[in-house]
1. Residues that are of a type in the set (D, E, K, R), over 17 Å from Gln94 (Cα atoms) and at pLDDT 95 or above: find the strands (runs of 3 or more DSSP E) completely inside segment 106-178 holding 1 or more of those.
2. Answer yes if at least one residue in segment 55-64 is over 17 Å from Leu145 (Cβ atoms) and touching a Ser or Thr at 6+ places or on another chain (Cβ under 7 Å), and no otherwise.
3. Please state which of the following conditions Glu125 fails to meet, knowing it meets all the rest: (1) without any contact (Cβ under 8 Å) to a residue 60 or more places away in the chain; (2) under 20 Å from Leu146 (Cβ atoms).
4. Could you please find all residues in segment 39-64 being of a type outside the set (S, T, N, Q) and in a strand (DSSP E or B)?
Amino acid sequence: MAKTGFTPAMKGTYTKEVELPGESLGLPFTDPPTIEDQDNVSLYKFTLDTDKLTHDFELPEDYHSGDINIAVMWTNDGGVDDNGKFAKWQLDYQTAAMGDAVSGDHANSPKDTEDAYASDSGWIEHHTAAMTIAAADFAGKHHILLKLSAVTPAGTALTCEPHLICLCITYTAIWGRK
């Protein structure tokens, strides 16, 4: 019998984080980011206000309740000192269930977060603040259709394109479901 780490004594809910690496997201036919390999990781270099990635996030079986929070793990291009310069990430989304239109955006979309690069070295991992998709936005739905892009920040922009490492999705899960 396979060991799952779950015991019958484990009950209730917990906060679960799922990381979706760039390669698990969909490259659209138009305006995809450029893939750049840096040693052991594939990074996705975004041209501001142009490039995008898409992903059909199916609500996990272990989702219990509450909002879904999405943060961006990112870096710069490694070749310049971008200390104190900014990247801004935008998340457009639509929710769907069988029979729903998948076109357009949800009324509460888009969400965005701006983050400062806090190093004079390159290829340093940064995490943005979370962008929250309210539980009410996807009540009765099965999918959240996501589109991620890098847009012009309010602060001084990086001297290069921001590079996506992965999306970090956090939600309240229930023990015993996968």
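1. Numbers: elements: 111-116, 131-133, 143-151, 163-174.
Fully inside segment 106-178 and qualifying: 111-116.
2. We begin by selecting, within segment 55-64, every residue over 17 Å from Leu145 (Cβ atoms); these are 61-62, 64.
The next check asks that each one be touching a Ser or Thr at 6+ places or on another chain (Cβ under 7 Å); those that pass are 64.
Yes: one or more hits.
3. (2)
4. First, the residues of segment 39-64 that are of a type outside the set (S, T, N, Q): 39, 41, 43-46, 48-49, 51-53, 55-64.
Residues satisfying the conditions are Val41, Leu43, Tyr44, Lys45, Lys52, Leu53, His55, Asp56, Phe57, Glu58, Tyr63, His64.
Every residue, every condition in (1) touching a helix residue (DSSP H, G or I) at 6+ places or on another chain (Cβ under 9 Å); (2) within 21 Å of Leu43 (Cβ to Cβ), yes or no:
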site	(1), (2)
Ile70	no, yes
Asp77	no, yes
Asp81	no, yes
Trp89	no, yes
Ala96	no, no
Asn108	yes, no
Lys111	no, no
Ala118	no, yes
Ile124	no, yes
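The values are calculated or read from the model by the stated rules, or taken from the named source; none is laboratory data. Not measured: the values here are computed from a predicted model. Cβ sites come from the backbone with ideal geometry, for glycine too, and all protein chains shown count toward neighbours.
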